[in-house]
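Novice: Structure provided below as structure tokens; questions to follow.
The values are calculated or read from the model by the stated rules, or taken from the named source; none is laboratory data. All values derive from a computational prediction rather than experimental measurement. Every residue, glycine among them, receives a Cβ derived from its backbone with ideal geometry; neighbour counts consider all protein chains shown.
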Amino acid sequence: MRLALPARAAVIAAATLLALTAATPPADGAADGFGPLPPHNPYAGPDGTATMHGDTGSSDATPLPGPGAGPLTSRRVALASACPTVLVGSDGYPVALCTPILGQMPTVHLLDPATGDPIAELAVAKGSLLGGVYAYLDQLDRLVLVDGERSLLRIGHRRTAAGGPELYVASSLPLAGAVPEGDSVTGVSPDWQGRVWFATAGGVVGTADERTGRVRSVSLPAGERIANSISTAPGGTAVATDHATYLLTADADGTPRIAWRQPYDRGPGRKPGQLSPGTGSTPTFFGPATGTDYLTVVDNAAPTVNLLVYRASTGAPVCSVPVLRAGGSGSENSPVAAGNSVFVASTYGYPYPKLPEGAGASVPASGDFTGGLSRVDVRADGSGCDLVWDNRTRSAAVPRLSTADGLIRTVLRQPVIPFTTATSLLDPYYYAEIDPATGSTVRTRYLGAGFLYDTLQMVGSIAPGGVVYQGTVTGVLRVANG
């Protein structure tokens, strides 16, 4: 039984600093120049809210508009957990996948769409720091993830006999035969045949067909590891290891096959503000014709990283463009892309409170969080790419582009002492809207200051009704007109 949406409730307002006063955002339709988003996956939930990166192509773009030009309100929903994944189903209910500060047992929260308050929760088996972070909603609004026991779960929500909401495990399929003991699944995504693709930290890529129970897998070259999620399109599944970018397809029985492989400059080591060596990108499909014409990642070259664009069907290079030159040149974030345009945010020097096991020392040993945001456009004839603008925006979240209202939304982490690059536990955070044509910040709203509001380079989701849900290290922020 689907849950009915309750009436909208009032939310709590916070103060705005004079130095970052609001400006009127561009009018609706300002994003008309951005081409199609990746095609809808019939085995995923609504476009824009079905995956951490919006869709199974990981565009980090959405067809939904964000808050309008009126006054903004913000509300912190305290969950005592880091919440990197907040998705919204076709029924309007947000579902958050969080890791509690104490115990670190991954927990799924069903949220009230009117307030963001938790109304049901379900804990799942604990895995690694990265395991279980990436999940998606299927076409029935069930959360699909792999737990710490290496089982593929579908978690639905319904009303109990007493009338209250509950989360429950609708199905479970063991993957232990394909995922080695001690390994963990870092990403899952459905393909157009209804199979679930998965990738592990140890470099295993596989498919699971729950209709037959068949699980098939392949190991990528020895020594290659996967620290980010995967992306699916009608033409195949994209995976980025710490050495190369891949496109894989599947045989009739689901056995993965490598269609192409492109190595990249992995640099001398993990940069400050990254969680693993090599690229920090979940591969992003984008393009002006089908929405999946191209595939892009950011390499780890030193001192300046490059945006790499390939033709998705063949792996042929389209361009390599130095980005994030004005600020810190390193990124843990997936590129944002739509049409011919790609946006890259810097995470160089971001002070993560904890790193994954095996992350190793960074090279250099430390660095300031200077910020950085770049836009690159692929030429109309596909002959190359051009850097459109490059600035020092201090984005503390993965940006999200709305093709409906023509704005990029993110959270800014500003220094306590203006005009410095230092970070502290007292830093203030601001919801921000950015004009993609110029890179200028056009509107902000103060969210709060200190550790409780740290968005930790996590992704915000735009829900129907112009509501933004943004994960933090201690819960979820809800931003809306009010």
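Novice: Any residue in segment 222-250 that's surrounded by fewer than 24 Cβ atoms within 10 Å (Cβ to Cβ): show its pairings with residues that are in a loop (DSSP other than H, G, I, E, B) and among the acidic types (Asp, Glu) at Cβ separation under 6 Å, as long as the two are six or more apart or on different chains.
Specialist: As it stands, the answer is 225/242; 243/224, since those pairs meet every condition given.
Novice: Looking at 307, 324, 295, which one is in a loop (DSSP other than H, G, I, E, B) and touching a residue at least 40 places away in the same chain (Cβ under 8 Å)?
Specialist: Being in a loop (DSSP other than H, G, I, E, B) and touching a residue at least 40 places away in the same chain (Cβ under 8 Å) holds for just one of 307, 324, 295, which is 324.
Novice: Further question on the same structure: Inside segment 432-467, can you point out the residues that are in contact with a strand residue (DSSP E or B) (Cβ under 6 Å, 6 or more places away or on another chain), charged (D, E, K, R) and either under 20 Å from residue 392 (Cβ atoms) or not in a strand (DSSP E or B) (or both)?
Specialist: Across segment 432-467, the qualifying residues are 433, 435, 443.
Novice: Tally time: how many residues in segment 370-404 are part of a strand (DSSP E or B) and basic (Lys, Arg)?
Specialist: 2
Novice: Across segment 310-321, what is the number of residues that are in a loop (DSSP other than H, G, I, E, B) and touching a residue at least 12 places away in the same chain (Cβ under 8 Å)?
Specialist: Residues flagged as in a loop (DSSP other than H, G, I, E, B) and touching a residue at least 12 places away in the same chain (Cβ under 8 Å) within segment 310-321 amount to 4.
Novice: Exactly one condition in (1) at pLDDT below 95; (2) outside any strand (DSSP E or B) is false for residue 99; which is it?
Specialist: (2)
Novice: Name the pairs: first residue in segment 449-473 and farther than 21 Å from residue 134 by Cα, second residue in a strand (DSSP E or B) and aliphatic (A, V, I, L, M), Cβ to Cβ under 8 Å, at least 6 apart or on different chains?
Specialist: Close Cβ pairs satisfying both conditions: 452/78; 453/447; 453/477; 464/88; 465/480; 466/480; 467/479; 467/480.
Novice: Under the condition of being in contact with a Lys or Arg (Cβ under 9 Å, 6 or more places away or on another chain) and at positive phi, which residue from segment 368-397 is surrounded by the fewest Cβ atoms within 10 Å (Cβ to Cβ)?
Specialist: Among those residues, the one meeting the criterion is 382.
Novice: Does residue 428 meet the test of being surrounded by fewer than 22 Cβ atoms within 10 Å (Cβ to Cβ), touching a helix residue (DSSP H, G or I) at 6+ places or on another chain (Cβ under 9 Å), at pLDDT below 95 and not polar (S, T, N, Q)?
Specialist: In short, no.
Novice: Run down 409, 400, 413 and say which single residue is more than 30 Å from residue 293 (Cα to Cα), crowded, with 22+ Cβ neighbours inside 10 Å and modelled with pLDDT of 95 or more.
Specialist: The match here is 413.
Novice: Something else about it: Considering 189, 172, which residue is among the polar types (S, T, N, Q), touching a Leu at 6+ places or on another chain (Cβ under 7 Å) and either in a strand (DSSP E or B) or surrounded by 17 or more Cβ atoms within 10 Å (Cβ to Cβ) (or both)?
Specialist: On the way: 189 fails: touching a Leu at 6+ places or on another chain (Cβ under 7 Å).
On inspection, the qualifying residue turns out to be 172.
Novice: Sort out which residues of segment 261-292 are part of a strand (DSSP E or B) and buried (at least 18 other Cβ atoms within 10 Å of the Cβ), and write them in order of number.
Specialist: Once the filter is applied, which keeps residues that are part of a strand (DSSP E or B) and buried (at least 18 other Cβ atoms within 10 Å of the Cβ), segment 261-292 yields 284, 285, 286.
Novice: While we're looking at this one, here's another question. Among all residue pairs at least 6 apart or on different chains, which show Cβ distances below 6 Å where the first residue, located in segment 347-362, is under 15 Å from residue 397 (Cβ atoms) and the second is assigned to a loop (DSSP other than H, G, I, E, B) and among the β-branched types (Val, Ile, Thr)?
Specialist: 351/423
Novice: Then there's this: Given the condition of a type in the set (Gly, Ala, Ser), part of a loop (DSSP other than H, G, I, E, B), under 30 Å from residue 350 (Cβ atoms) and modelled with pLDDT of 95 or more, answer yes or no: does some residue in segment 246-259 qualify?
Specialist: No; the residues of segment 246-259 include none that is of a type in the set (Gly, Ala, Ser), part of a loop (DSSP other than H, G, I, E, B), under 30 Å from residue 350 (Cβ atoms) and modelled with pLDDT of 95 or more.
Novice: Those residues that are hydroxyl-bearing (Ser, Thr, Tyr) and not in a strand (DSSP E or B), I need them from segment 409-426; list them, please.
Specialist: Result: 420, 421, 423, 424.
Novice: Could I ask something else about it? Among (1) in a strand (DSSP E or B); (2) touching a residue at least 60 places away in the same chain (Cβ under 8 Å), there is one condition residue 429 misses while meeting the rest; what is its number?
Specialist: The failed condition is (2).
Novice: Can you pull out the residues in segment 398-432 that are of a type in the set (Gly, Ala, Ser) and on the phi > 0 side of the Ramachandran plot?
Specialist: Correct list: 406 only.
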